[in-house]
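Before any comments, here is the structure.
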Amino acid sequence: MSLMLKLLATTALLSSLLAAADSSYERVEEFLEKSFSNNQNIKSINIKVTNKIAVKERSGWSAYFVELDAILKKDNRQVVQKMIWFSDGKVITKELFDLESGKDMGDFVSLPFKNEYYNKANLVCGNENAKHKVVIFSDPLCPFCRQFVPEAIEYMKKEPNKFAVYYYHLPLESLHPSAVELIKAAIALELKGAKDVVLNLYKVNVDPKEKSNEVILKEFNKVMNSNITMADLISSEVLKHFQNDLKVADALMVNGTPTVFLDGTVDKTKMKYKEAK
């Protein structure tokens, strides 16, 4: 549970159905702002609904993508958090489950991958005008990613006019702290013009908890046959690319890897690219 949700746990409205007069953006914002304002730990708060998407599995229900921006009383610290709320126009709730299957409806809604997010610098294979656009958010030290990503890219790489594959780095820093520097090294090498860096990145064997940048770089350079240095990792170009990838993930509320989008829509199965016409 995040810090903000812990602070708001005293508000019973967070975990139960809440009466709401209207499901419009404005009324949802007003209702949530009033509810959260009751928390004594919060000095000020602003609620903004950034998007609304119908829950296909539940007729009449919509998912509201909400951004919470609060100032805490204790130390005037700002806390920004994104979350999803559900409403059918009569009630609003933080969680929505199917009684029969137990499925969380939050798993069936996601923000679309907008055209503005497709960055040519993230195109790892295929023609940018290809029939299908596939986006992969991944951490090279994520065990599932290490199995899935190389196979998926190799598969789609064979048909460049069918697939344009865009790759976005998303290190799960709390689980794999060494992924951060490993990714920066990969970006630095790509900026130097090297090819197939992403594919080879999954061949680098380093302890996910490794804290020594020297050790990380040694293993990286050995696999890549490169000479990336510490100075390369802190260059403005590398940091800009790295931060841009994180910003796109944050805008889409992507926090797990691998996350796959096919033609702008998240693919929970991660395998629909094999069914693409």
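Nothing in this text is a laboratory measurement; each read-out follows from the coordinates by a stated rule. Since the model is a prediction, treat every value here as computed from it, not as a measurement. Glycine also receives a Cβ, built like all others from the backbone with ideal geometry; neighbour counts cover every protein chain displayed.
List of remarks:
- The chain - share of DSSP beta bridges that are antiparallel (%, nearest 5): 85 percent
- The fewest-to-most ranking of TYR25, TYR117, TYR167 by surrounding Cβ atoms within 10 Å reads TYR25, TYR117, TYR167.
- Remark: region 217-277 is approximated by an ellipsoid whose semi-axes, taken from the C-alpha gyration tensor as √(5λ), come to 31, 18, 10 Å, largest first.
- Listed by Cβ neighbour count within 10 Å, with the fewest neighbours leading, MET156, MET253 appear as MET253, MET156.
- 3J(HN,Hα) along region 197-202, derived from phi through the Karplus expression 6.51 cos²θ - 1.76 cosθ + 1.60 where θ = phi - 60°, amounts to 5, 4, 4, 6, 4, 7 Hz, with x in place of Gly and Pro.
- Dipole size of the chain about its Cα centre, with +1 on Lys/Arg Cβ and -1 on Asp/Glu Cβ: approximately 200 debye, rounded to the nearest 20.
- Inter-label distance, SER44 to LYS211: 3.9 nm, where each label sits 7 Å from its Cα along the C-beta direction.
- Projecting the Cα positions of LEU172, VAL223, THR265 onto the charge dipole of region 115-274 (unit charges on Cβ atoms of Lys, Arg, Asp and Glu, taken about the Cα centre) puts THR265 furthest along the positive direction.
- Packing order of peptides 84-95, 67-78, highest average first: 84-95, 67-78 (average count of other Cβ atoms within 10 Å over each peptide's residues).
- Overall size of region 10-165 from C-alpha positions, given as principal axis extents largest first: 56, 42, 30 Å.
- Cα-based Rg of the chain normalised by 2.2 N^0.38 Å, two decimals: 1.13
- Of the GluC sites (Glu not before Pro) found in region 151-237, the ones in coil according to DSSP and having at most 15 other Cβ atoms within 10 Å of their Cβ are GLU173.
- Cysteine residues of the chain whose Cβ has no partner cysteine Cβ closer than 4.7 Å: CYS125.
- Other residues with beta-carbon under 14 Å from the beta-carbon of ILE228 carry, at +1 per Lys or Arg and -1 per Asp or Glu, a net charge of -2.
- Spin-label model, SER101/VAL223: points 7 Å from Cα along the beta carbon direction are separated by 3.6 nm.
- For region 72-118 and region 167-229, distance of Cα centres in Å: 32 Å
- Cut-off 20 Å (backbone N to label point 7 Å along Cα→Cβ of ASN255), residues of region 137-173: 137-145, 168-173
- Taking only the C-alpha atoms of region 115-274, the Rg (one decimal) and the largest Cα-Cα distance, Dmax (whole number), read 14.8, 43 Å.
- Among ALA63, ALA186, ALA54, the largest mean-square fluctuation in a Gaussian network model of the chain, built with springs joining Cα atoms closer than 10 Å, belongs to ALA54.
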